[in-house]
Amino acid sequence: MKPAPFDYTRPRDWSAALAALAAGARPTAGGQSLGPMLNLRLAMPETIADLRHLPGFGVIDQQRDCVRIGAGTTHARIEDGAVPGQVGAILARIARNIAYRAVRNRGTLGGSLSHADPAADWVTVLPAFPGHAIALGPEGERRIPLGCFVTGVFAVALQETELLQAVELPMLPEGTRFGHWKFCRKPGEFSKASACVLALPGSAPRAVLAALDQRPLVIDDAAALLAAPEAEAARIVEGLRLADPWREALARVALRNAAQEAA
Amino acid sequence: MTVSGKGVGASLRRKEDRRFLQGRGRYVGDIRPAGVLEVAFLRSPVAHARLRGVQKPAQGLVFTAADLLEIGPIRANSALPGFRASDQPALARDKLRHVGEPIAACLAESRAAAEDLAAACLPDYEELPAVSDMLAALAPDAPLIHEHWSENAFLETKREDEVADLDAIAAAKVRRRLRTARQSMAPIEGRGVIAEWDPRLEQLIVTSSTQMPHVTKSGIAECLGLDEGQVRVISPDVGGGFGYKGILLAEELVCAALAIRLGRPVRWLEDRLEQLTANANCREHFYDVTAWADAEGRLLACEVEAVVDAGAYSAYPFSACLEAAQIGSIFPGPYTLPRFRFRTVSACTNKPPILPYRGVARTGVCFAMETTLDALARQLGIDAAAIRAINLVPPEAMPYRNLVGKVFDSGDYPEALRRAVAAIDVAALRARQAAGETVGLGLAVFCEQGAHGTSVYHGWGIPFVPGFEQAQARFTPDGVLELRVGLHSHGQGLETTLAQVAHEVLGVDPARVRLVHGDTALTPYSTGTWGSRAMVMAGGAVAEACRQLGERALTIGAALLQAPREACVLRDGAIVQGEAKVTLDEVARTWYRRPQNLPREVDKGGLEVTAGYRPDPDTGTHSYAAHAVVARVDRETGAVVLEQYVIVEDGGTLVNPMIVDGQVLGGTAQGIGTALYEEMPFDAQGQPLAGTLADYLLPGASEVPDITIEHMVTPSPWTRFGQKGIGESGAIGPPAAIVNAINDALARFGAEVTDLPATPARVLAALAKVGAA
Ligand SMILES: Cc1cc2nc3c(=O)[nH]c(=O)nc-3n(C[C@H](O)[C@H](O)[C@H](O)COP(=O)(O)OP(=O)(O)OC[C@H]3O[C@@H](n4cnc5c(N)ncnc54)[C@H](O)[C@@H]3O)c2cc1C
């Protein structure tokens, strides 16, 4: 369980990071997902570009109606309340239940989202937000709606030459409701079903159902789910035709519970 | 207990914990001799294949079986009639028999570079159909793993009591098919080996993370054709054993041969992937149990068909059939079973060999017996406690010999059950059930034979039969007492408890007692630490050695006091006559440094005694316990929460109650793992499917509830202080008690869980089967 040989580079600015990427380097942030993949030789990059020293990589910047969270922000800092407002409180609650503190001390929001494990917590929660992933590439910045960022199992909307620079989330208006539920048998086990619902006053509530071994299901208008959580959750999950009856039951419970909390 | 409060019975803080808590334990991985070469093994990627050869990389040190012909095969035969023998090559020769089997050793300056070499090797093999399920392995058309055998079975045992008449008389009859999962024992520290050749001593020094340094030494000498004196095995601090380190490893042999061949130290450290997927497994049992009872629940008979998946090879020294063959003798458990019919099979499959894991076969047997008892109770409409009470061996029958000849030394089994049930608010639980809550109470009662000796093991005919356990006690010139034992302490706290024993006998302060263990060059021969034997066997041996040492000190002390020997006594670390006394320190100083003051009649053996000990009879102590569990089941997700966990336990005289509690708690945590979490699944091709601890779930702090332990103390009449082996006990009861609690919760739906671990998926499937999901 030792990685194949690789070179290590530590770009000091974003253009150097993009250049390294263009030359075929694999980026890393907290190393909590890439590290095990290297050790198991599931990933054998020639060069690893350590992003952690890039300017602004872990910076949280509150603007007038949104907050920009650097991709390198660790789960631990989010857990400790570094993101302001109700959005920060929601993220802190999610962060607290990612693995254990040792993993949270290193693992990053951007790394988790870019990795796009279908059971990861940010992959479940962020698509519910009307926010953006900020990608940086040779042509500059590109804003990708969070609902479209994860495109499949371990697949995201980033191009090979792009890095995830930050995530931008709106500050949440008074009266926002949120519900979240996940199932895992012990901390650190990847979730076997998780769901969240975010309802902003005046707009259609959004729901995400994830940890399905497939791309997270994003429901752009979850009003019906909020109106009848039990029946709608059952209908939606049935439509997914999951092979494993246990996972199907969990998915149903996850979606219903998240909806009931947000209703 | 001695007045000092530090002897037998004292909850003395563990002497060894200072170094452990400060991170100063020294494990194989902490030791890196100068010039060492690190080894990575090329391992079989497939479960069953004919190996044609290995294409080595153009450069680098790579050794295959053909390069290391000096290593003989590992042979762990059993003398039980009908046992099928097989040789286990240290490196695969013509066949690959399980995923992870070592094929070649690759050596380099770093482990990473050694792994690069392994990745560059190309094994050439022709895949054969794999046998990955033990029941399928026994089918007449199954592919043969050892081709000179007639079927994939190491051994079959049976007993044929008549049961045909029982259907007509019994008030109840149940039949259950049950399974325990294959597990990978997971000590925090994996295996590790450093081998060095010392040209001065012409001796091979193997530092290995093992529970049994002397057996390992003998095994290495045997397989490499060396004299035993040419091999020294050191086991330094060992980060957990549990049975996983009670095996002679192919890796040990390969490292040893390479160190001799290359004249350089060689090191292999097992990584988590190897631990999970390549090295020994444990526990996988199948039971088909039929039980008959009368209207009060009295057992009339049990009929058991049991199969244990022993994997591809017979592990050294315990063999492939320790588990299965034991089922026949331990299935009756703590009960007075009048008739018993069984057939057990040790099946051979394309999986790593199994080893006896903490609890050994008892965990599976207890699960089978206790769930069957509950099924009978449900059918008869009687209480789970009542059916146990009526069948348990009563205290007045002790010592009790059961129908298969097991002898229980002492105890009050029904009282343990009563106390465990009394700790639960059963009325409140029944009220919650009546209100529709899916909660249940589960019970398990079992006994644990420990420290069983020669008379038990010679019947198995395994390579090592334990005899007299020896200990050496000696004073150094300053009066420090040194104890030397051949077994090994790796979590049991023997550095403390054996010092307590010595203190009890000699009065030397435990702080001035040093335990030397884990080095074959420094300690008397021993079969090692396993079978809950250390406290009984080494405790007895240390006590005896100290007693004899005390006699010698008495002679010297009396002379120094110028008093008749008969007028003197050894008390509180001194030889005393009336008001006058001579401390043991002075006695030691006299022997070593002022011999001119010694009396003529002194024992010329000096202040150094090796003594042996074996209880008589040596059939083992039987500690016992009742576990009572309240579990809540989430009907929607199948998740199980343990609300309350009570253990009433009798380990006889507890040498150190705090350490016993630690043993029970740790064992119970592992038992919870067996009950709810741990499972190494294999696919039809024999591929292990849980390659990391994210897939192979171990219970952690958040999965283990508060556990209440109550002790009963019924000293064993057969051991030195009345102590009983209790090291494995905690790991035996949890699967039975927890599954019984789950099944009690599910009883109103008519659903039952029969397979371990009782994962949420299995619980939900059980509900779905009866249309209640
Ligand atoms: C024991 C354990 C338990 C865990 N439990 C959970 C859990 O319960 N829930 C959960 O959600 N997660 C869990 N994780 C995963 C953890 O959250 C990781 O932090 C996360 O998956 C990856 O973040 P990272 O910063 O470590 O990324 P890295 O491992 O460094 O990188 C992951 C991937 O993303 C790419 N990448 C990283 N940063 C960027 C970027 N800025 N732009 C583009 N690509 C990038 C890398 O190239 C790599 O492919 C667990 C991890 C471990 C080790």
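The values are calculated or read from the model by the stated rules, or taken from the named source; none is laboratory data. Quick caveat, the model's predicted, so the values are computed rather than measured. Note: ideal-geometry Cβ built from the backbone for every residue, glycine included; neighbour counts use all protein chains shown. Only protein heavy atoms, including side chains, enter the accessible area calculation; ligands, DNA and RNA are left aside. Shrake-Rupley method; radii C 1.70, N 1.55, O 1.52, S 1.80 Å.
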Quick one: which residue in B:Val629, B:Val660, B:Val640 is crowded, with 24+ Cβ neighbours inside 10 Å, modelled with pLDDT of 95 or more and within 14 Å of chain A (Cβ to nearest Cβ)?
B:Val640
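Looking at B:Thr527, B:Thr523, which one is at pLDDT 95 or above and open to solvent by less than 30 Å² (accessible area, probe 1.4 Å)? Break it down into steps so the answer makes sense when it comes.
Numbers: B:Thr527 fails: at pLDDT 95 or above.
One residue alone meets the criteria, B:Thr523.
Got at least one residue in the range B:722-732 being within 28 Å of the chain's Cα centre (by Cα) and at positive phi? Break it down into steps so the answer makes sense when it comes.
The initial filter retains those residues of the range B:722-732 that are within 28 Å of the chain's Cα centre (by Cα), namely B:722-732.
Still in the list and also at positive phi: B:722.
Checked the range B:722-732: at least one residue is within 28 Å of the chain's Cα centre (by Cα) and at positive phi.
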Failed condition for A:Pro201, given (1) touching a helix residue (DSSP H, G or I) at 6+ places or on another chain (Cβ under 8 Å); (2) of a type outside the set (Val, Ile, Thr); (3) not assigned by TED's automatic domain parsing to the domain that holds A:Arg64, with all others met?
(1)
Give the residue that is farthest from B:Glu728 (Cα to Cα), with candidates limited to residues of the range B:453-473 that are open to solvent by 10 Å² or more (accessible area, probe 1.4 Å) and in contact with a strand residue (DSSP E or B) (Cβ under 9 Å, 6 or more places away or on another chain).
B:Gln472
From the list B:Ala113, B:Ala130, which residue is assigned to a loop (DSSP other than H, G, I, E, B) and touching a residue at least 60 places away in the same chain (Cβ under 8 Å)?
B:Ala130
Just the residues that are within 14 Å of chain A (Cβ to nearest Cβ) and in a helix (DSSP H, G or I), please, taken from the range B:739-773.
B:Pro760, B:Ala761, B:Arg762, B:Val763, B:Leu764, B:Ala765, B:Ala766, B:Leu767, B:Ala768, B:Lys769
The range A:214-256, residues that are part of a helix (DSSP H, G or I), away from chain B (no Cβ under 14 Å) and of a type in the set (Asp, Glu)
A:Glu232, A:Glu238
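List the helices (runs of 4 or more DSSP H) that sit entirely inside the range A:96-178 and contain at least 2 residues that are away from the ligand (no atom under 14 Å from the Cβ) and surrounded by fewer than 24 Cβ atoms within 10 Å (Cβ to Cβ). Before you say what the answer is, go through the steps one by one.
Details: elements: A:101-104, A:109-115, A:121-125, A:146-149.
Counting at least 2 such residues, we get A:146-149.
Please enumerate the residues belonging to the range A:197-213 that are more than 14 Å from chain B (Cβ to nearest Cβ), in a loop (DSSP other than H, G, I, E, B) and buried (at least 17 other Cβ atoms within 10 Å of the Cβ). Give the derivation first.
Just the residues of the range A:197-213 that are more than 14 Å from chain B (Cβ to nearest Cβ), to begin with: A:197-210, A:212.
Now restrict to residues that are in a loop (DSSP other than H, G, I, E, B): A:200-205, A:212.
Result: A:Leu200, A:Pro205, A:Leu212.
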Can you tell me which residue in the range A:179-194 is farthest from the ligand (Cβ to nearest atom), limited to those that are hydrophobic (A, V, I, L, M, F, W, C) and open to solvent by less than 50 Å² (accessible area, probe 1.4 Å)?
A:Ala193
Could you check A:Val67 against (1) open to solvent by 30 Å² or more (accessible area, probe 1.4 Å); (2) more than 9 Å from the ligand (Cβ to nearest atom); (3) more than 14 Å from chain B (Cβ to nearest Cβ) and say which number it fails?
(1)
On the basis of being in contact (Cβ under 8 Å) with a residue 24 or more places away in the chain, over 24 Å from B:Gly241 (Cα atoms) and not aromatic (Phe, Trp, Tyr), does B:Val763 make the cut?
yes
Please go through the range B:671-702 and pick out each residue that is in a helix (DSSP H, G or I) and open to solvent by 20 Å² or more (accessible area, probe 1.4 Å).
B:Tyr677, B:Ala701, B:Ser702
Please count how many residues of the range B:504-546 are part of a helix (DSSP H, G or I) and of a type outside the set (Val, Ile, Thr).
16
When residues of the range A:178-196 are filtered for being in contact with a Leu (Cβ under 8 Å, 6 or more places away or on another chain) and at the interface with chain B (Cβ under 10 Å from one of its Cβ atoms), how many remain?
6
Residues that are within 23 Å of B:Phe286 (Cβ to Cβ): which helices (runs of 4 or more DSSP H) entirely in the range B:349-428 hold 1 or more of them?
B:361-380
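Return the total of residues in the range A:17-36 being open to solvent by 40 Å² or more (accessible area, probe 1.4 Å) and either small (Gly, Ala, Ser) or within 14 Å of another protein chain (Cβ to nearest Cβ) (or both). Can you show your working first?
Here is the first cut: in the range A:17-36, the residues open to solvent by 40 Å² or more (accessible area, probe 1.4 Å) are A:19, A:22-24, A:26-27, A:32-33, A:36.
Narrowing the set further to residues that are either small (Gly, Ala, Ser) or within 14 Å of another protein chain (Cβ to nearest Cβ) (or both) leaves A:19, A:22-24, A:32-33, A:36.
Residues flagged as open to solvent by 40 Å² or more (accessible area, probe 1.4 Å) and either small (Gly, Ala, Ser) or within 14 Å of another protein chain (Cβ to nearest Cβ) (or both) within the range A:17-36 amount to 7.
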Check off (1) of a type in the set (S, T, N, Q); (2) touching a residue at least 60 places away in the same chain (Cβ under 8 Å); (3) open to solvent by 40 Å² or more (accessible area, probe 1.4 Å); (4) within 30 Å of B:Pro45 (Cα to Cα) for A:Asn39 and give me the number that stays unchecked.
(2)
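B:Glu222: modelled with pLDDT of 95 or more and surrounded by fewer than 20 Cβ atoms within 10 Å (Cβ to Cβ), yes or no? Full working, then the answer.
Details: modelled with pLDDT of 95 or more: yes; surrounded by fewer than 20 Cβ atoms within 10 Å (Cβ to Cβ): yes.
Answer is yes for this residue.
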Those residues of the range A:1-16 which are hydroxyl-bearing (Ser, Thr, Tyr) and outside any strand (DSSP E or B) amount to A:Ser15
